[in-house]
Amino acid sequence: MSESSETKETREKSYRGISLRLARHYLEKLGGEVVDDERVESDEWTASLSAEKVSIGPTLKLTEVTVVFEGDPDALDGLIERFSQKAMRAGG
């Protein structure tokens, strides 16, 4: 028998115009605990963060934060929706 019957899922999403610090803050507000600069965890999910500068047109660069969400699919549905709403408001 397997260790856990829970189904785990991994989803990756990228957000432009927010910082790693702000992404960590949002994930913490959504029930996570900051483990280190690039990882936030809760009982139901884990989020791994990375950031890079991407070119927008010939002269403009913008920070793009990529979040790899892992956890229970039902928990991820609500988490990603709420996180995305916060991230989109920040970038506007």
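Read-outs: derived from the displayed coordinates by stated rules, not from any lab. Because the structure is a prediction, the values reported are computed rather than measured. Backbone-built Cβ (ideal geometry, glycine too); neighbour counts: all protein chains shown.
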Rounded to the nearest 10, the angle in degrees between the Cα long axis of helix 20-29 and the longest principal axis of the Cα atoms of the chain comes to 40 degrees
What aspartates and glutamates could a cross-link reach from LYS13, if we take a straight Cα to Cα line under 15 Å and drop same-chain neighbours fewer than 8 places away? GLU38, GLU52, GLU64, GLU70, ASP77, GLU81
Among SER19, SER42, ILE80, whose Cα lies farthest out toward the positive end of the dipole of the chain, if unit charges sit on the beta carbon of Lys, Arg (+1) and Asp, Glu (-1)? SER19
Potential extension, VAL35-LYS61 segment - 0.36 nm per residue separation minus Cα distance: 6.5 nm
Tilt, helix 73-91 to longest principal axis of the chain (alpha-carbon atoms), in degrees rounded to tens, equals 20 degrees
Principal axis box of the range 6-91, alpha-carbon based, largest edge first, Å: 47, 21, 19
